[in-house]
Amino acid sequence: MVQALGGQAYLSYQTGEQEGRLYGFSHGRPAGVGALFWRFWRWPDKERIELTKQRDVIQIYDGDKGWEVTFRGTRPLPPDQLTDYVLRREYSLEHIVREWINDPGVILFYAGSRVAEQKPADEVTISNTKGQSATIFIDSNSHLPIKKTFVHRDPQFNDRDTETEIWDGYRAVGSINTPFNYTRTHNDEIVVQRFLTRVNFNVPVPDSLFVPSKPLVEEKKKKKR
């Protein structure tokens with residue numbers, strides 16, 4: 001699978017930028033008509049997403065911190081939203097193939113042939129020494145990843161939640177095979193879909209992109225007083 005994605009080029013790229021259209025869902029149903037988005041990413045834990053044609057709604061993630069920037073100013077992301085994001089980042093495909101696989105105690109379980117998203121696939125579950133496990137469905141013909149799932153406990157209700165990412169529409173971007181269609185589900189309900197129009201890797205991504213450009217809303221209130 002790693003070789004099909006691009007081998008060392010996939011394992012070693014440090015930055016990326018994307019453009020496309022994003023669709024949000026509520027209870028599995030579309031919430032709105034979608035929005036243009038721009039995404040900037042730097043390994044291992046920095047990300048910036050700009051939304052709308054004016055690019056005036058921005059989410060920034062840096063390590064275990066996150067903010068939303070709008071015309072009103074900057075607000076820290078709600079704790080539950082930030083916790084959810086950090087959890088998904090720990091289980092991201094990049095972290096699995098760059099970090100989990102290199103753990104001397106990692107265990108791989110091959111579950112045989114399956115059908116995933118109407119495609120013949122090989123099912124592999126990877127478990128690391130932290131007790132984390134993720135299952136990847138790999139296209140039997142192209143060897144590219146089709147789908148990834150993992151299960152975790154809801155911190156509030158202690159229910160078992162299933163998170164899934166689905167990749168499709170692969171195209172070669174330089175030496176890296178890249179999915180231009182992305183779907184994420186929570187307990188089998190669609191949460192978000194992204195359709196890319198442009199992707200670049202190893203491009204300059206300045207530190208300033210991951211620093212909120214406007215003061216915190218609370219700080220503005222203090223100044224008015």
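The numbers here are math on the coordinates, done by the rules we state, and not lab data. Predicted model only: the values in this text are computed from it and were never measured. Counting neighbours? That spans all protein chains shown, and the Cβs are built from the backbone with ideal geometry, glycine included.
Given their separation in residues at 0.36 nm each and the Cα-Cα distance between them, residue 132 and residue 4 gain 43.6 nm when the chain is fully extended.
Comparing 75, 48, 194 in a Gaussian network model of the chain (Cα springs below 10 Å), the most mobile by mean-square fluctuation is 75.
Each part reduced to its alpha carbon centroid, segment 46-125 and segment 4-29 end up 10 Å apart.
Compared with the dominant principal axis of the Cα atoms in the chain, helix 79-90 is inclined by about 30°. The convex hull around the C-alpha trace of segment 91-177, projected and averaged over every direction, spans 6.9 square nanometres. Using C-alpha pairs under 8 Å with a sequence gap of at least 6, the mean separation divided by the residue count of segment 1-104 gives a relative contact order of 15 percent.
Distance distribution P(r), segment 12-224, all Cα-Cα pairs, bin width 10 angstrom from 0: 7, 28, 38, 20, 5, 1, 0 percent. Near residue 82, once Lys and Arg are set to +1 and Asp and Glu to -1 for all other residues with Cβ below 15 Å from its Cβ, the sum equals -2. Which of these, 119, 65, 130, has the largest mean-square fluctuation under a Gaussian network model of the chain (Cα springs below 10 Å)? In this elastic network of the chain, the residue with the biggest mean-square fluctuation among 119, 65, 130 is 130. The HN-Hα couplings worked out from phi for segment 23-37 by the Karplus form 6.51 cos²θ - 1.76 cosθ + 1.60 (θ = phi - 60°) are 10, x, 10, 10, 6, x, 10, x, 10, x, 9, x, 8, 5, 9 Hz, whole numbers, x standing for Gly and Pro.
Of 20, 63, 34, the residue with the greatest mean-square motion in the GNM of the chain, using alpha carbon springs below 10 Å, is 63. Checked against a 29 Å cut-off, the cross-linked pairs 53/119; 46/130; 65/130 give Cα-Cα distances beyond that limit for 53/119.
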